[in-house]
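The values are calculated or read from the model by the stated rules, or taken from the named source; none is laboratory data. Computed from a prediction, not measured in an experiment: that's the story for all the values here. Here the Cβ positions follow ideal geometry from the backbone for every residue, glycine too, while neighbour counts run over all protein chains shown. What goes into the accessible areas is simple: the full protein's heavy atoms, side chains included, and nothing from ligands, DNA or RNA. Shrake-Rupley method; radii C 1.70, N 1.55, O 1.52, S 1.80 Å.
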Amino acid sequence: EDKVVQSPLSLVVHEGDTVTLNCSYEVTNFRSLLWYKQEKKAPTFLFMLTSSGIEKKSGRLSSILDKKELFSILNITATQTGDSAIYLCAGEANAGGTSYGKLTFGQGTILTVHP
Amino acid sequence: AAGVIQSPRHLIKEKRETATLKCYPIPRHDTVYWYQQGPGQDPQFLISFYEKMQSDKGSIPDRFSAQQFSDYHSELNMSSLELGDSALYFCASSLEGSGTGELFFGEGSRLTVL
């Protein structure tokens, strides 16, 4: 059974701090690792990672994948109160061909950023 | 830009009743996914459809069924509802072959079973 584990489960920081969120995965026929940010509504897409060692950046957020050790990290620098959310990582299994497989989500990391 | 539309947003049912959730994907998206997220839980994949055919199946109970119609909208039918079915049900859509891996999620339908 595919499994994705995130840590820490909860993190409380002050504005300006840097945080690192961890995600380890065991996904059969792994194809990609995705990060989502979930506030009160639907998860919003952050990154998709398919290759090891290549950092993806978007503003203050960055992420990298290690396919040998089966984990990924999400870094947020100079955190702001608007970064407060649940951060979900998900492993995607290859369903064959060009079809996207199902995602197995981790339990999420609840990030709270205080002013 | 148009997003994934789910209806109803909130639904209250009693045990053993039936509920139907609808999902309208982003125009031109051909793949629809259903996820169930219980209170404090991570989203669990239920089922997906590509071009109106079921493409993958996850932890969907036998009491649930789903289909994708010719206009690509999808419906999730839940029968003999149980208290444990209370959850937020997300629908997501994607464009097959887009290469981005991005699923666009709807805002969810919150089902409460009393």
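A few remarks follow.
- Karplus 3J(HN,Hα) series, Hz, for segment A:63-74 with 6.51 cos²θ - 1.76 cosθ + 1.60 (x for Gly, Pro): 8, 8, 10, 10, 6, 6, 8, 6, 8, 9, 10, 10
- For B:Ser55, the residues whose modelled amide H falls within less than 5 Å of its own, excluding neighbours fewer than 5 places apart on the same chain, are B:Ser48, B:Phe49, B:Tyr50.
- Exposed loop sites were defined as trypsin sites (Lys or Arg not before Pro) in DSSP loop states (anything but H, G, I, E or B) carrying at most 16 other C-beta atoms within 10 Å; in chain A the longest segment without such a site runs A:69-115.
- With all protein chains modelled, accessible area of A:Leu46 [1.4 Å, Å²]: 40 Å²
- Heavy-atom accessible area order for B:Met78, B:Met53, A:Met48, largest first, 1.4 Å probe: B:Met53, A:Met48, B:Met78
- Summed side-chain charge close to A:Phe30 - residues other than A:Phe30 whose Cβ falls under 11 Å, Lys, Arg +1, Asp, Glu -1: -1
- The H on the amide N of A:Lys67, modeled in the peptide plane, is under 5 Å from the matching H of A:Ser52, A:Gly53, each at least 5 residues off or on a different chain.
- In order along segment B:26-33, phi translates into HN-Hα couplings of 4, x, 6, 6, 10, 10, 10, 10 Hz, rounded to whole numbers, per the Karplus curve 6.51 cos²θ - 1.76 cosθ + 1.60 with θ = phi - 60° and x for Gly and Pro.
- Under 5 Å, built H, 5+ apart or other chain: amide partners of A:Ser84: A:Val113
- Taken one residue at a time, the phi angles of segment A:25-36 give Karplus couplings (6.51, -1.76, 1.60, θ = phi - 60°) of 9, 9, 10, 5, 6, 4, 10, 8, 10, 10, 10, 10 Hz. Gly and Pro are set to x.
- All other residues whose Cβ lies under 11 angstrom from that of A:Phe105 are scored, Lys and Arg at +1 and Asp and Glu at -1, for a net of -1.
- Separation of alpha-carbon centers, segment A:1-48 and segment B:41-114, rounded to whole Å: 21 Å
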